[in-house]
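See structure below.
What follows draws every value from the coordinates through simple rules; no lab data is involved. Since this is a predicted model, take the numbers as computed values, not measurements. Heads up, the Cβs are rebuilt from the backbone with ideal geometry, glycines too, and the neighbour counts pull from every protein chain shown.
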């Protein structure tokens, strides 16, 4: 059974392998990260860990028993009990409830481990799978998301009240 783990330095090789293996799949739904992301991966990974240590973000990976990464689930922009959620899962596990289960677990961790009260997430209009994940995980649509929120695409902001439920 996959385990949602707080990102650490030892995850770097598996996260890079996950990003490379799914690059074209991700690029079909969101902006491609570009060559620079992969060329500077080690530095970027270290920067994420520094931000996490500072308490402004929390980064999680969904890890299989063999150590491979099935998904990334990020809480960022902590502000007065609110954070934004971002996630991506490997193409070969889409449609199996993996993202919904991990997002639901992350909502629990956001409240209990990070003291958050509200999570927000944006999904583009052409990403129906992400919209379904958010709704199944208890998020409700709260307004439009513009191109600056979604890498050039328009969509919807979703929100989940972690204290009182949605």
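Structure notes:
- Filtered by the rule that a residue be touching a residue at least 40 places away in the same chain (Cβ under 8 Å) and in contact with a helix residue (DSSP H, G or I) (Cβ under 8 Å, 6 or more places away or on another chain), the stretch 110-126 gives 116, 117, 119, 124.
Every residue, every condition in (1) more than 22 Å from residue 149 (Cα to Cα); (2) touching a strand residue (DSSP E or B) at 6+ places or on another chain (Cβ under 8 Å), yes or no:
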position: 83; (1), (2): no, yes
position: 91; (1), (2): yes, no
position: 108; (1), (2): yes, no
position: 117; (1), (2): no, yes
position: 120; (1), (2): no, yes
position: 124; (1), (2): no, yes
position: 132; (1), (2): no, no
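- Of the listed requirements (1) more than 13 Å from the chain's Cα centre (by Cα); (2) in contact (Cβ under 8 Å) with a residue 12 or more places away in the chain, residue 148 misses just one: (2).
- Meets criteria (over 19 Å from residue 138 (Cβ atoms), surrounded by fewer than 15 Cβ atoms within 10 Å (Cβ to Cβ) and under 15 Å from the mean Cα position of the chain (by Cα)) for residue 91: yes
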